[in-house]
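*Asks:* Got a structure for you, written out below as structure tokens; questions coming shortly.
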Amino acid sequence: MSQLKKILYPTDFSEHSLCALPLAQEIAQCFDANLHCLHVVDEAYQFWLSAQEAAMPVVMPIEEMKQSAQEHMREFVSQHITFNPERLVWQVGIGRPFLEIIRYARQEEIDLIVIATHGHGALASMLLGSVTEKVVRKSPCPVLTVRHPEHKFEIP
């Protein structure tokens, strides 16, 4: 079995993404690995707002959005992460989330990504795609997906 030295836990701070955190921390602890916590400010968000019929300009410049996300990450880490602070790395990036997660995994030579799914149905996934789905397809390392406990798998 290969040794896991670096575990990446991407988060968008949602309840869904929190479902993957306990497992990411547990795996990192079992392997005495570093836990990398990453949040990506989606730069395309500005374009999504302006693409709507009643478009409103984005009030906050991207750098201010990043600064706000860094403050949110500090709060998130202090409230939710129980992992050894000496083995914890957290980062806030800017870009398209799936691209930045892949880029970070390559750059930091991540051994495993632990990421939550958002429970889109088949049609929504086909039309929209999801960050998790794109990460699974493009990742340079194994990806463990964690589904929200509310979404139960049932065979009809």
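The values are calculated or read from the model by the stated rules, or taken from the named source; none is laboratory data. All of these numbers come straight from a predicted model, not from anything done at the bench. Neighbour counts run over all protein chains shown; Cβ positions are idealised from the backbone, glycine included.
*Asks:* Given the condition part of a strand (DSSP E or B), within 20 Å of Thr117 (Cβ to Cβ) and at pLDDT below 90, answer yes or no: does some residue in the stretch 6-29 qualify?
*Replies:* No: zero hits.
*Asks:* Please determine, by comparing only the residues of the stretch 109-122 that are within 15 Å of the chain's Cα centre (by Cα) and assigned to a loop (DSSP other than H, G, I, E, B), which one is surrounded by the most Cβ atoms within 10 Å (Cβ to Cβ).
*Replies:* Only one residue fits best here, namely Ile110.
*Asks:* Give the stretch 111-130 a look and list any residue that's at pLDDT 95 or above and farther than 10 Å from Pro10 by Cβ, or say none.
*Replies:* Asp111, Leu112
*Asks:* Then there's this: Any idea which of Glu100, Glu71, Glu133, Glu86 is more than 25 Å from Leu4 (Cα to Cα), in a helix (DSSP H, G or I) and either out of contact with any Gly (no Cβ under 6 Å at 6 or more places or on another chain) or at pLDDT 85 or above (or both)?
*Replies:* Every option except Glu71 fails the conditions.
*Asks:* Could you tell me whether Gln46 is over 20 Å from the mean Cα position of the chain (by Cα), modelled with pLDDT under 80 and farther than 21 Å from Glu133 by Cα?
*Replies:* Against the criterion (over 20 Å from the mean Cα position of the chain (by Cα), modelled with pLDDT under 80 and farther than 21 Å from Glu133 by Cα), Gln46 does not qualify.
*Asks:* Also, quick follow-up: Report, by residue number, each residue of the stretch 3-40 that is among the basic types (Lys, Arg) and buried (at least 16 other Cβ atoms within 10 Å of the Cβ).
*Replies:* Within the stretch 3-40, Lys6 is the sole residue that qualifies.
*Asks:* Would you mention how many residues in the stretch 67-96 are basic (Lys, Arg) and in contact (Cβ under 8 Å) with a residue 40 or more places away in the chain?
*Replies:* Count: 2.
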